[in-house]
Amino acid sequence: MPSATQATTDQLVDYVTSCALPTPWAQFTLHAFIEHSTGKEHLAMVLGDIGDGEPVLARVHSECLTGDVLFSQRCDCGAQLEGALQRIAEEGRGVLLYLRQEGRGIGLVNKIRAYRLQEAGADTVEANLQLGFHADARNYELCKPMLAQFGVRSLRLMTNNPRKIDALSRLGIAVAERVPLLVNRNAFNNSYLNTKQAKLGHMMGPVEAPADAS
Ligand SMILES: [Zn+2]
């Protein structure tokens, strides 16, 4: 087996083990990591040979239980997760890091508190600030040792978020190209997406027309 299956230790994260993960789009290899400081379990889904030095199609996805698992239409996370895995499968090569930083880093219960504030009129940024959090509390420093585990040095990053590109670049992870992710707008997430565009600088093109019939 390749070196990726050997348990290694970094100062931030331990690589633990891997297994096959069949999905509707491809059979990925699922790799498990444990973060030292928090004990949180993080994942990487890998397809093909990503350690050959060429830029790797990649998604750095932060956990969104409501969007990824519970089909929430409040955000676009589930559609982005599915779209990224489909795109990797189409190319036959890539990696998706699944980071356990729910609710842009504030946690699941606090995210639901923030949703409640949004129902009272706050937008997604104002709600986080009212709860005493940063607008975006995510941290990407784990990405470097996780990608190093597979010999990945340069990304073709699927994202609409320029802050994520900046954060990864500051960590010394080369982003050779930004690959836009299609945005799945609907009547429920339209204002959320507009706020991410206006206040967090997200690049929302190419944009699909709002879905009004589904
Ligand atoms: Zn979400």
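The values are calculated or read from the model by the stated rules, or taken from the named source; none is laboratory data. Just so you know, these numbers come straight off a predicted model, no measurement behind them. Please note: Cβ atoms are built from the backbone with ideal geometry, for glycine as well, and neighbour counts cover all protein chains shown. Side chains are part of the model used for accessible areas, which takes the heavy atoms of the whole protein and leaves out ligands, DNA and RNA. Shrake-Rupley method; radii C 1.70, N 1.55, O 1.52, S 1.80 Å.
Using r as the Cβ-Cβ distance of residue 40 and residue 154, and R0 as 25 Å, what FRET efficiency do you calculate, to the nearest 0.05? If you can, show how the numbers build up before the last one.
Working: r = 26 Å, r/R0 = 1.05.
The formula returns an efficiency of 0.45 here.
Determine how many Å³ per residue the convex hull of the Cα atoms of segment 12-171 encloses. Numbers along the way, then the final one.
Working: hull volume 18.4 nm³, N = 160.
With only Cα atoms used, segment 12-171 gives 115 Å³ per residue.
Quick check on the chain: of the DSSP beta bridges with both residues there, what percent are antiparallel, nearest 5%? The partial results should precede the final answer.
Values: 21 of 36 bridges.
Around 60 percent of the beta bridges assigned by DSSP in the chain are antiparallel ones.
From Cα pairs below 8 angstrom and at least 6 apart in sequence, can you work out the relative contact order of segment 23-103, rounded to a whole percent?
Numbers: 128 pairs, mean separation 31.3, N = 81.
Computed over segment 23-103, the figure is 39 percent.
Applying the Karplus parametrisation 6.51 cos²θ - 1.76 cosθ + 1.60 with θ = phi - 60° to the phi angles of segment 100-116, what ³J(HN,Hα) value in whole Hz is obtained for each residue in order, glycine and proline being reported as x?
The phi angles translate into 8, 10, 4, x, 6, x, 9, x, 5, 5, 5, 5, 5, 4, 5, 4, 4 Hz.
Return the long-range amide H neighbours of residue 203 (sequence gap of 5 or more, or a different chain), with a cut-off of under 5 Å between placed amide H atoms.
Under 5 Å from the amide H of residue 203: 161.
Quantify, in whole percent, the carbon and sulfur part of the accessible surface of the chain (1.4 Å probe; protein heavy atoms only).
Numbers: 5560 of 10590 Å².
That fraction is 52 percent.
Before anything else, pin down the relative contact order of the chain: Cα pairs under 8 Å, at least 6 apart, normalised by residue count, whole percent.
That works out to 19 percent.
I'd like to compare 184-190, 68-74: which one has the highest average count of other Cβ atoms within 10 Å, and what's the full order after that? Each step should come with its number before you reach the end.
Values: 184-190: 15.7, 68-74: 14.1.
Descending packing order for the listed peptides: 184-190, 68-74.
Solvent-accessible area per residue for the chain at a 1.4 Å probe radius, Å²?
Per-residue accessible area for the chain comes out at 49 Å².
Highest mean first, what order results for 54-64, 97-107, 122-132 on Cβ atoms within 10 Å? Display every interim value, and only then the final one.
Numbers: 54-64: 21.5, 97-107: 19.8, 122-132: 17.6.
The densest-packed peptide leads the list: 54-64, 97-107, 122-132.
Which number gives the lysine pairs in the chain that have C-alpha atoms under 16 Å apart and are eight or more places apart or on different chains? Before the final figure, lay out each step's value.
Working: 111/196; 144/164; 164/196; 164/199.
For the chain, qualifying lysine pairs total 4.
Applying the Karplus parametrisation 6.51 cos²θ - 1.76 cosθ + 1.60 with θ = phi - 60° to the phi angles of segment 73-88, what ³J(HN,Hα) value in whole Hz is obtained for each residue in order, glycine and proline being reported as x?
Running phi through 6.51 cos²θ - 1.76 cosθ + 1.60 with θ = phi - 60° gives 9, 5, 9, 10, 5, x, 5, 5, 4, 5, x, 5, 5, 4, 5, 4 Hz.
Per residue, what volume in Å³ does the convex hull of the Cα atoms of segment 80-128 enclose? Let's see the in-between values first.
On the way: hull volume 4.1 nm³, N = 49.
Roughly 84 Å³ of hull volume per residue.
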